[in-house]
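Trainee: Dropping the structure in here first, questions after.
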Amino acid sequence: MDVYAASALTTGIPRPRIRLNDFGCLTPPELGAWTPRRSVSVVIPAYRCEETLSLTLASLAGQSYPGHLLEVVVVDDGEGETPLRLPDLAPENTRVVRPEPGWGIANAFHSGVKVADGEIVHRVDADLVLFPEHVEAQMRWHHLADYLVLLGNLRFNEYTPGGISPLEVHAAVTAGTVDELFGDDGVPQWTEAKWDRTGDLRQAGLAAWRLLVSATASMPKELYLRAGGMDTSLRRGSDTEVGYRLAQAGAVFVGDRESRCRHLGESTVMRRRDEVTRYTRPYMNERIPGFLERKSKTSGRQYLVPTVEAVVDAEGRTLEEVRATVNGLLSGWMADVSVVLTGSWHLLTDERRPPLDDPMLDLRLIRETFRGENRVRFLRRAAESAFPAPFRFECPAGWVPAPDSLVRLVKFADDREAGLVSLVLDEREELTTARLERTAAVNRARLLVEPGDSLEEAVHQVSGTVWEDGRKWGILPPGDETSASAATLASQVEYWRSRAEKWENQARRWKRKAREHRVERVERASAQRLRRAVGKGLRMVGVTRARR
């Protein structure tokens, strides 16, 4: 059991085994009808926002969550400017800190988390007005499970600088009349439609992390650090990227509609959507497998984070066995793969030895064979998971995957939302298997297992496991050319059949949209003709009246 799991057991927080993202087994208490005991640090990155920050702090000063369990850390991200000064109206336990070297909202938030004292860290932007139960609504969930990421309900309102004062905000929050302060319901954030379709993310499945918008979000500090924290090199899109890594660390994402807040004015995304997309896309594609261009294209590119990390144990195996397996992995349709070769590489010294009778000859030849391949790493043992890569494929040396094996296996696992696909390769003398692990499922299972528990059973409970015949997926021993060719051909036929079905469905959707567009165009034209006819008739009536 790892350090994170051990520390969580001492907090007394339960560890229910939530399947995928369906948190329906959790029942949060009614607001105001429970006793909080966990501490929270609200971290606010701040840059040239003194006026809106004063409104945000005024709303935090009226929160229903107990003051002795709440601290506010404002991170002053100004460079060489006048230090940020706290307004008079702010929560009692509020402090201003400077970020670590660097700049940007991701660096500021990460710096604030590192000095925060709370068990839970709650990101709040410096241009929000929070409803009185905003923090409490999220914190009640953190008392039910220790691996949740909570998302608040954000709406946008028009804002005129100087239009409202901190005193007005605080009075509205304490009186529970924030809606009246703005006079309307605001513009929903784009995520709200997704919440509507997925039961507040219960049915969001593997894609729940895409809904993380960190203007208002909270999570256990240890879970955040376990996932690596914000990528401080990112200037935009850092919330999406850390959401992806939180998912790989085992997190469950919850949307709470009672954790309400209002955004003062439009966001940058709302004002400059196309420019923001163009800017963030290259950064996200490098770091998030399955994102945009990486979702459907197999262009031979490698990326910063691969889709699959393959692990091959070279210990005690021959050069020929390892070379056949690794070459099969690297030459497949999925170029977006890295390979970890495990073995006693640390024992390969340069001391004098008989070259041809070296007892570690095969290991030495294996290392030299792949020395120049930047997709291959040599480790004594593999890490406990492929994090941050979403999949790990373990294959015994001497078995060769077909060119399409990994592509089809990943699709198979995604279609079934499976956490583990085990492949039987040989069972004549002893059972030989390969396996495809989903990183998110394995890491969540590791959070939940106790000493003596079965990790695979935990994976099955949180995501599901499947057993398959390895030959069906084209994973065969070298030299079995006839079987390999037949299996590869069969697998390729199946692959292209599924692709053809997908294209046919897409073509039907396009045809339907074209028909709808034509109908809409005809209706629009008919309405225009009707308006013209009515206008002409009215004009004729006017002329007739004038003549009379």
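Trainee: Where Rh is the Kirkwood radius over the Cα pairs of the range 316-468, the temperature 25 °C and the viscosity 0.890 mPa s, what D in µm²/s does Stokes-Einstein return?
Mentor: On the way: Rh = 17.1 Å.
The calculation lands on 143 µm²/s.
Trainee: Quick one: compute the contact order of the range 141-251, relative version, from alpha carbon pairs under 8 angstrom and 6+ residues apart, as a percent.
Mentor: Numbers: 94 pairs, mean separation 36.9, N = 111.
Normalised by residue count, the contact order of the range 141-251 is 33 percent.
Trainee: Same structure again: Extension gain Ala514-Leu167, at 0.36 nm per residue separation less the Cα-Cα distance, in nm?
Mentor: On the way: separation 347, 0.36 × 347 = 124.92 nm, distance 5.46 nm.
Stretched fully, the Ala514-Leu167 segment lengthens by 119.5 nm.
Trainee: Estimate the FRET efficiency between Arg15 and Glu258 by the formula 1/(1 + (r/R0)^6), using the beta-carbon distance for r and 30 Å for R0, to the nearest 0.05.
Mentor: 0.80
Trainee: Once the mean 1/r over all distinct Cα pairs of the range 131-187 is inverted, what Kirkwood radius in angstroms do you read off? Walk me through the intermediate numbers first.
Mentor: Working: mean 1/r = 0.0754 Å⁻¹.
Result for the range 131-187, one decimal place: 13.3 Å.
Trainee: For Lys114, which aspartates and glutamates qualify as cross-link partners when the Cα separation must be under 16 Å and same-chain residues fewer than eight apart are set aside?
Mentor: Glu71, Asp76, Asp77, Glu100, Glu222, Asp231
Trainee: How do Lys513, Lys411 rank by accessible surface area computed with a 1.4 Å probe, from largest to smallest? Walk me through the intermediate numbers first.
Mentor: Working: Lys513 130, Lys411 100 Å².
These residues rank, largest area first, as Lys513, Lys411.
Trainee: Between Val187 and Asp350, 0.36 nm times their residue separation minus their Cα-Cα distance comes to what?
Mentor: Values: separation 163, 0.36 × 163 = 58.68 nm, distance 6.79 nm.
Value of the extension gain: 51.9 nm.
Trainee: Still on this structure, I have one more. What per residue convex hull volume, in Å³, comes out for the range 344-389 when only alpha-carbon positions are used? Kindly include the intermediate steps, with their values, before the conclusion.
Mentor: On the way: hull volume 4.1 nm³, N = 46.
Output value, Cα hull per residue: 89 Å³.
Trainee: If each of Leu304 and Ser331 carries a label point 7 Å out from its Cα toward its Cβ, how far apart are those two points in nm?
Mentor: 3.2 nm
Trainee: Sticking with this one: In whole percent, what relative contact order does the range 25-88 give with Cα contacts below 8 Å and a gap of six or more residues?
Mentor: On the way: 45 pairs, mean separation 28.8, N = 64.
So the answer I get is 45 percent.
Trainee: Let me ask something additional. I'm checking a number: the convex hull volume of the Cα atoms of the range 76-115, normalised per residue, in Å³. What is it? Numbers along the way, then the final one.
Mentor: Values: hull volume 2.9 nm³, N = 40.
Given the Cα convex hull of the range 76-115, per-residue volume reads 73 Å³.
Trainee: Looking at the P(r) of the range 189-291, how many percent of alpha-carbon pairs lie beyond 17 Å? Could the numbers behind the result be given before it?
Mentor: On the way: 2974 of 5253 pairs.
Of all Cα-Cα distances in the range 189-291, 57 percent exceed 17 Å.
Trainee: If the viscosity is 1.567 mPa s and the temperature 4 °C, what Stokes-Einstein diffusion coefficient in µm²/s follows for the range 381-476 when Rh is the Kirkwood radius over Cα pairs?
Mentor: Values: Rh = 13.9 Å.
D, rounded to a whole number, is 93 µm²/s.
Trainee: While we're on this one: Viscosity 0.890 mPa s, temperature 25 °C: what is the translational diffusion coefficient of the chain from Stokes-Einstein with a Kirkwood Rh over Cα pairs, rounded to a whole number of µm²/s? Intermediate values should be presented prior to the final figure.
Mentor: Numbers: Rh = 26.9 Å.
The diffusion coefficient I find is 91 µm²/s.
Trainee: Right, here's the next one. Extension gain Thr433-Glu468, at 0.36 nm per residue separation less the Cα-Cα distance, in nm?
Mentor: Working: separation 35, 0.36 × 35 = 12.60 nm, distance 0.99 nm.
Roughly 11.6 nm would be gained on extension.
Trainee: I would also like to ask the following. Please tell me the relative contact order of the range 192-256 in percent, rounded to the nearest whole number, where contacts are Cα pairs under 8 Å and at least six residues apart.
Mentor: 42 percent
Trainee: Quote the charge dipole size of the chain about the Cα centre in Debye, to the nearest 20; the model charges only the Cβ of Lys and Arg (+1) and of Asp and Glu (-1). Show your work: numbers first, answer last.
Mentor: On the way: 77 positive and 78 negative charges, 780 e Å.
Once rounded to the nearest 20, the dipole reads 3740 debye.
Trainee: Quick one: pull the percent of accessible area on the chain belonging to carbon and sulfur, 1.4 Å probe, ligands and nucleic acids left out.
Mentor: Working: 13900 of 27470 Å².
Of all accessible area on the chain, carbon and sulfur atoms account for 51 percent.
Trainee: Using alpha-carbon positions, what is the distance between the centroids of the range 395-419 and the range 200-259, in Å?
Mentor: So the separation of the two Cα centres works out to 27 Å.
Trainee: Run the dipole for the range 1-132 about the Cα centre, Lys and Arg Cβ at +1, Asp and Glu Cβ at -1, nothing else charged, and hand back the magnitude in debye, nearest 20. If you can, show how the numbers build up before the last one.
Mentor: Numbers: 11 positive and 17 negative charges, 128 e Å.
Its charge dipole is roughly 620 debye.
Trainee: Where the eigenvalues come from the Cα gyration tensor of the range 254-384, what are the semi-axes √(5λ) of the equivalent ellipsoid, largest first, in whole Å?
Mentor: Values: eigenvalues 423, 56, 33 Å².
Sorted largest first and rounded, they come to 46, 17, 13 Å.
Trainee: Take the alpha carbon atoms of the range 169-183, find their center, do the same for the range 50-105, and report the distance between the two centers in whole angstrom.
Mentor: 21 Å
Trainee: Efficiency by 1/(1 + (r/R0)^6): what FRET value for Thr174 and Glu417, r their Cβ-Cβ distance, R0 = 41 Å, to the nearest 0.05?
Mentor: Details: r = 45 Å, r/R0 = 1.10.
FRET efficiency, Thr174 to Glu417: 0.35.
Trainee: Using a 1.4 Å probe, what is the accessible area per residue for the range 220-360, in Å²? Numbers along the way, then the final one.
Mentor: Working: 6680 Å² over 141 residues.
Roughly 47 Å² per residue, with all protein chains present.
Trainee: What distance in nm separates the two pseudo spin-label positions at Met360 and Met270, each 7 Å out from Cα along the beta-carbon direction?
Mentor: Modelled inter-label distance: 6.3 nm.
Trainee: A further question follows. Taking the range 292-372, which trypsin sites (Lys or Arg not before Pro) meet the DSSP loop condition and have no more than 14 other C-beta atoms within 10 Å? Intermediate values should be presented prior to the final figure.
Mentor: On the way: sites: Arg294, Lys295, Lys297, Arg301, Arg317, Arg323, Arg352, Arg364, Arg367, Arg371; in loops: Lys297, Arg301, Arg317, Arg352, Arg371.
Here the sparse-neighbourhood loop sites are Lys297, Arg301, Arg352, Arg371.
Trainee: Right, next: Run the simple label-point estimate for Leu225 and Glu50 please: 7 Å along Cα→C-beta, distance reported in nm.
Mentor: About 3.5 nm separates the two model spin labels.
Trainee: What are the semi-axes of the equivalent ellipsoid for the range 128-254, taken as the square roots of 5 times the Cα gyration tensor eigenvalues, largest first, in whole Å? Could you put the intermediate results ahead of the total?
Mentor: Working: eigenvalues 161, 52, 48 Å².
For the range 128-254, the ellipsoid semi-axes come out as 28, 16, 16 Å.
Trainee: What whole-number value in Å² describes the accessible area per residue of the range 89-202 for a 1.4 Å probe? Write down the numbers at each step before the final one.
Mentor: On the way: 4700 Å² over 114 residues.
That works out to 41 Å² per residue.
Trainee: So if I place +1 on the C-beta of Lys and Arg and -1 on the C-beta of Asp and Glu, and nothing else carries charge, what would the dipole magnitude of the range 437-479 be about its Cα centre? I want it in debye, nearest 20.
Mentor: Working: 5 positive and 7 negative charges, 47 e Å.
The calculated dipole for the range 437-479 is roughly 220 debye.
The values are calculated or read from the model by the stated rules, or taken from the named source; none is laboratory data. Please read all numbers here as calculations on a predicted model, not as lab measurements. A quick note on method: Cβ atoms are made from the backbone with ideal geometry, for glycine too, and the neighbour counts reach across all protein chains shown. We work out accessible area using only protein heavy atoms, side chains counted, and drop any ligands, DNA or RNA first. Shrake-Rupley method; radii C 1.70, N 1.55, O 1.52, S 1.80 Å.
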